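Notes to accompany the following structure.
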There are 2 protein chains.
Amino acid sequence: MKTYSVKELLSEGKTQQDVVVKGWVRTFRSNRFIALNDGSTINNIQCVIDFENTDEEVLKKITTSAAIEVKGTLVASQGSGQAVEIQAQTITILGASNPEEYPIQPKKHSLEFLRANAHLRVRTNTFSAVMRVRSALSFAVHKFFQEDGFYYVNTPIITGSDAEGAGEMFRVSALDAKNPPLTEEGNIDYAEDFFGKETNLTVSGQLEAETYAMGLGKVYTFGPTFRAENSNTTRHLAEFWMIEPEVAFMDLDGNMDLAERFIKSVLGYVKEHCADDLAFLEQRLLNEEKTKPQNERSPMPLREKIDFILDNNFKRVSYTEAIEILRNSKPNKKKKFDYIIEDWGADLQSEHERYLVEKHFECPVILFDYPAKIKAFYMRLNDDGKTVRAMDILFPGIGEIVGGAQREERYEVLVDKMKTMGIDEEELYWYLDLRKFGTAVHSGFGLGFERLVLFATGMTNIRDVIPFPRTPKNAEF
Amino acid sequence: MKTYSVKELLSEGKTQQDVVVKGWVRTFRSNRFIALNDGSTINNIQCVIDFENTDEEVLKKITTSAAIEVKGTLVASQGSGQAVEIQAQTITILGASNPEEYPIQPKKHSLEFLRANAHLRVRTNTFSAVMRVRSALSFAVHKFFQEDGFYYVNTPIITGSDAEGAGEMFRVSALDAKNPPLTEEGNIDYAEDFFGKETNLTVSGQLEAETYAMGLGKVYTFGPTFRAENSNTTRHLAEFWMIEPEVAFMDLDGNMDLAERFIKSVLGYVKEHCADDLAFLEQRLLNEEKTKPQNERSPMPLREKIDFILDNNFKRVSYTEAIEILRNSKPNKKKKFDYIIEDWGADLQSEHERYLVEKHFECPVILFDYPAKIKAFYMRLNDDGKTVRAMDILFPGIGEIVGGAQREERYEVLVDKMKTMGIDEEELYWYLDLRKFGTAVHSGFGLGFERLVLFATGMTNIRDVIPFPRTPKNAEF
């Protein structure tokens, strides 16, 4: 007898054949119907047991989360709800699960409770669906770039450079924390540390990815990045995965084209490959939001929101134009925004971004040409001397999902900018070298992967879309 | 006029059409022939310029590593060595490269010199080939698992658990290193640290991956892992990427099948998709080894070595059997081994592993059922009480490339083992929970990705197969 996954049985199983399946009991009702799941799909296979002829010791152990093996015949199901089911001949208990002790009861638990049981929450419908979608999205990312001629680059996680200034960093050290070696001046002597210098966890692979783009042409990173910021919000993690493509000879317009194509490709992949999980997650969100007041609910059901991205052209709007729109908008005039937009140069908040996307343009929006003062040192200065070739992509519900830029490729301009902004030139000599030896226009963007998973799954807390979230005061497991 | 990559022009370019291409000059000879490369392929496109009608200022700037744009007509090449070339009409210098200053001269540099210029070495043939192969291998890994029904899991990089004991760890902290808060007893008060406890960089995602396998069924990790070991060898990195599949309901035999299928799949992918790069790397290795004495050269050319893996069944041999073979082998009897094999229980060295693969069996070898004493706590104890269901896969040239095991799924046996080996049960309560609630046979393995890249590229120093290597006293860039 051949062993099948639940997914195989449900999608391509031939009836009247004998099959073996192994999985975990989700529910057991009427001493007769086992809903069995093995993680391969959101759907369970119903196993119908012959109550009279099953050992009582076995029956007692068919409890939620018990691991069992079922041998039987796949047949067309009599009941509604499933096309096929298994008429079980033999049930073997592989691993029991004491229902008095098992933390996850067959009832609705709060997401917060499940977070504290992150090692078991993947056994629930919600988290297994989220994590399958996450996995599919990951693959869609690689597939898109590889088929488009990009090369994957693993930029370093431990970095000796803290010059980028994108955020607070975690220090990495192998020194004795209590009695570290000191220099004559009484400072920590990092020359004695493992790497011979002070090292941190990376906040971005962009600068290193640029060095590779200037050799391989089109590259992308997809790896963990870190922020030691004490942000206890539903949108921030201390450890998260980032995707950063970087392309030589590409300007900002090309960058916008690439980002739009990329996002549509990966969401299209998930729509095609995770239909059952998305349907489940959509219903979950609808149920969750029933208890919320109308104005706090999502503007659209999950799959409609994904189609909203797939079916619309991303509207490209300059920052200057956006400021005009916002300044003249009703919520600004009526002081409904928390932050009132008064002058050009203001940094946009999530409320402004969402207004542009959800109310004004009613489509995804790419803002570009931001004030130089509110953007990073490496972004290319426009001829006006006050804006840079930066872009942000804004999505409904979450605001900014992508941040990117054409990079400053002119050596002198970059050095000037670094001086002004207090960035150490010596430390970044290698970044400057790219502008000395065969420089060229180049661009790229960054996308926080968990933001994308949030969007695609309809989950609302970023802690629920990564297996083991790291946040302030939390590094369990 | 449309812009093409060099790869597109060489593989599918139609002659007699006008084209634009951008890239970096590799060589410029006879004031007439530019070899242009854009990283898309190991091959250059030859651009033939009309010397008489090209501005002298432009000519002067056509130097190694200058970024240029060439407009011209794609024609069948007159010369040997390439099928097509570009008759250039216009050359535009995008970014000059002063040949007096550019560190990488058009001559052979030592790999060590190039390592110090890791931001530029990807512009050489060798490193661009290695990094393209690395990228293709990465994708092959994802493709294999995704098509086989596995889900990708991102296990945590920062971990509060140091229980696995797989090696020395790096500490991650946001405390003031010089004046850390102390407890009343005078120890570092990690309760004040970012995560509220002492945290380290992960040495393996296996234990966390197991929690996911026990929910999703088949999972794999592919992420960075770390060792703070002062190993200054050609085979060790402080930061490296690891692949760790983990499968519920799979025993050690299934694990061997999976590992063999996996390795053949990814090497087959590279053979198919990186033919030009592999041909180049094979020749590079032959050239390098010309200066070495015969007995230090590779047993086979690069592509033959890859075929050796693809074409052979992996021979499965118990540890006990291997010890017998080694004990009776010529090099053991003649004391040619550095470590003479005397008794059952001895740990195998690379010399023994290579003897088994290269001399005795002449095929890849999977050793299994190792002595419990030399293996990790989580490996499943056999009924003999002294061996565990561990396996190592041995390759020619490099020895061990995969280490895996069936995991101990029995709660009591695991607890006993942890007690004996001094592993903290409380800290790993979540790992023990897997054995309490629906436990099942499960197995997995780990493969250091850079070892695989070494094997596939024929490079001999692990620092040369990762973009920015981290090793003792080195965390540049």
I need the phi-derived Karplus couplings for the range A:34-40: 6.51 cos²θ - 1.76 cosθ + 1.60, θ = phi - 60°, integer Hz, Gly and Pro marked x. 9, 8, 10, 10, 10, x, 6
Per residue and in cubic angstrom, what volume does the convex hull of the Cα atoms of the range B:236-362 have? 170
Between the chain alone and the structure with every protein chain in place, find the residues of the range A:167-181 that drop at least 30 Å² of accessible area; heavy atoms, 1.4 Å probe. A:PHE170, A:ARG171, A:VAL172, A:SER173, A:ALA177, A:LYS178
Projecting the Cα atoms of A:GLY438, A:ILE374, A:THR460 onto the charge dipole of the range A:352-477, where Lys and Arg contribute +1 and Asp and Glu -1 at Cβ, the residue farthest towards the positive end is A:THR460
For the range A:94-100, in residue order, the Karplus 3J(HN,Hα) values (coefficients 6.51, -1.76, 1.60; θ = phi - 60°; whole Hz; Gly and Pro = x) are 8, x, 6, 9, 5, x, 6
For chain B, what is the calculated [θ] at 222 nm in deg cm²/dmol (nearest 500), taking -39500 (n - 2.57) for each run of four or more DSSP H residues and dividing by its residue count? -9000 deg cm²/dmol
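Please say if chain A is rounded, prolate or oblate, where rounded means a/c under 1.5 for a ≥ b ≥ c the square roots of the C-alpha gyration tensor eigenvalues, and otherwise the choice is prolate for a/b larger than b/c and oblate otherwise?
Values: a/c = 2.21, a/b = 1.71, b/c = 1.30.
Note, shape of chain A comes out prolate.
Between A:ILE374 and A:VAL20, what is the FRET efficiency for a Förster distance of 60 Å, r being their Cβ-Cβ separation, to the nearest 0.05?
Details: r = 61 Å, r/R0 = 1.02.
Computed FRET efficiency for A:ILE374 and A:VAL20 comes out at 0.50.
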So if R0 is 45 Å, what FRET efficiency would A:GLU100 and A:ALA275 give, r being the distance between their Cβ atoms, rounded to the nearest 0.05? 0.75
Mind listing the long-range amide H neighbours of B:VAL153? Cut-off is under 5 Å, sequence gap 5 or more, other chains count too, H placed in the peptide plane at 1.01 Å from N. B:TYR220, B:THR221, B:PHE222
Setting aside same-chain residues fewer than 8 positions from A:LYS14, which lysines have a Cα under 17 Å from its Cα? A:LYS2, A:LYS71
Interchain or sequence-distant (5+) residues whose placed amide H lies within less than 5 Å of the amide H of B:MET169 are B:ALA228
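Based on the inverse mean of 1/r over its pairs of different Cα atoms, what is the Kirkwood hydrodynamic radius of the range B:183-238, in Å?
14.6
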In nm, spacing of pseudo-spin labels at A:ILE325 and A:VAL415 (7 Å Cα→C-beta vector): 4.1
Would you mind checking the tilt of helix B:302-311 against the longest principal axis of the Cα atoms of chain B, expressed as 0 to 90 degrees and rounded to 10? 50
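Under 8 Å for C-alpha pairs, at least 6 residues apart: give me the relative contact order for the range B:3-102, rounded to a whole percent.
Numbers: 220 pairs, mean separation 28.9, N = 100.
Worked out over the range B:3-102, it gives 29 percent.
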For the protein assembly as shown the translational diffusion coefficient, Stokes-Einstein from a Kirkwood Rh over Cα pairs at 10 °C and viscosity 1.306 mPa s, in µm²/s, is roughly 52
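Kirkwood Rh over alpha-carbon pairs of the range B:65-191, then Stokes-Einstein at 4 °C and 1.567 mPa s: what D in µm² s⁻¹, rounded to an integer? Write down the numbers at each step before the final one.
Working: Rh = 21.7 Å.
Result for D is 60 µm²/s.
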Can you pull the accessible area of B:HIS236 for me, 1.4 Å probe, Å² to the nearest 10? 70
Which of the lysines could be linked to A:LYS334 by a straight reach, that is with a Cα gap under 21 Å, when you skip same-chain ones fewer than 8 residues away? A:LYS359
Heads up, I need the accessible area for B:THR155: 1.4 angstrom probe, whole protein in place, Å², nearest 10. 20
Picking from A:CYS47, A:ALA322, A:ALA191, whose Cα lies most toward the positive end of the charge dipole for chain A (charges on Cβ: Lys, Arg +1; Asp, Glu -1)? A:CYS47
With every protein chain kept in place and a 1.4 Å probe, the residues A:GLU184, B:GLU425, A:GLU260 fall, from largest accessible area down, as A:GLU184, B:GLU425, A:GLU260
Using the Cα centre as the reference, give the magnitude of the dipole from point charges on the C-beta atoms of the range B:124-211 (Lys, Arg: +1; Asp, Glu: -1; all else neutral), rounded to the nearest 20 debye. 780
5 Å is the cut-off here: which amide hydrogens, built 1.01 Å from N in the peptide plane, fall below it relative to A:MET379, excluding neighbours closer than 5 in sequence? A:GLU408
Solvent exposure, largest accessible area first (probe 1.4 Å, DNA, RNA and ligands not counted), of B:LEU447, A:LEU94, A:LEU381: A:LEU94, A:LEU381, B:LEU447
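Which entries of A:LYS22/B:LYS436; A:LYS108/B:LYS197; A:LYS178/B:LYS375 show an alpha-carbon separation above 23 angstrom in the structure shown?
Working: A:LYS22/B:LYS436 17 Å; A:LYS108/B:LYS197 31 Å; A:LYS178/B:LYS375 32 Å.
Flagged as over cut-off: A:LYS108/B:LYS197; A:LYS178/B:LYS375.
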What is the P(r) of the range A:3-102, as percent of Cα-Cα pairs per 5 Å bin from 0? 3, 15, 27, 27, 18, 8, 2, 0
Exposure of B:ARG297 as accessible area (Å², to 10), given a probe of 1.4 Å and all protein chains: 90
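Taking a probe of 1.4 Å, how large is the accessible area per residue of the range A:3-102, in Å²? List each step's numbers first, then the result.
Details: 4840 Å² over 100 residues.
The answer is 48 Å² per residue.
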Accessible area, probe 1.4 Å, largest first, for residues B:PHE240, B:PHE455: B:PHE240, B:PHE455
In debye to the nearest 20, how big a dipole does chain B give about its Cα centre with +1 on each Lys and Arg Cβ and -1 on each Asp and Glu Cβ? 1900
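What per residue convex hull volume, in Å³, do the alpha-carbon atoms of the range B:312-447 yield? The partial results should precede the final answer.
Numbers: hull volume 16.4 nm³, N = 136.
Value for the range B:312-447: 121 Å³ per residue.
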Mean separation of Cα contacts under 8 Å (at least 6 apart) over the residue count of chain A, i.e. the relative contact order in percent, is 13
State the number of lysine pairs found in the range B:209-325 whose Cα atoms come within less than 19 Å, restricting to pairs 8 or more positions apart or on distinct chains. 6
What is the distance in Å between the Cα centroid of the range A:367-387 and that of the range B:393-425? 54
Quick one: Karplus J couplings for the range B:213-224, per residue in order, coefficients 6.51, -1.76, 1.60, θ = phi - 60°, nearest Hz, x for Gly and Pro? 4, 7, x, 8, x, 10, 9, 8, 9, 7, x, x
Roughly how many Å is it from the Cα centre of the range B:225-302 to that of the range A:329-360, as a whole number? 54
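Take the Cβ-Cβ distance between A:GLU342 and B:GLU57 as r, set R0 to 45 Å, and report the resulting FRET efficiency rounded to the nearest 0.05.
Between A:GLU342 and B:GLU57 the formula returns 0.35.
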How large, in percent, is the carbon and sulfur part of the accessible surface of the range A:3-102 at a probe radius of 1.4 Å? 43
At a probe radius of 1.4 Å, figure out the B/A buried accessible area, summed over both chains, and give it in Å² to the nearest 100. 8700
In the range B:126-141, the residues losing 50 Å² or more of accessible area (1.4 Å probe, heavy atoms of protein chains only) relative to their chain alone are B:SER135, B:PHE139
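The values are calculated or read from the model by the stated rules, or taken from the named source; none is laboratory data. Since the model is a prediction, treat every value here as computed from it, not as a measurement. Backbone-built Cβ (ideal geometry, glycine too); neighbour counts: all protein chains shown. Side chains included, ligands, DNA and RNA excluded: accessible areas come from the protein's heavy atoms. Shrake-Rupley method; radii C 1.70, N 1.55, O 1.52, S 1.80 Å.
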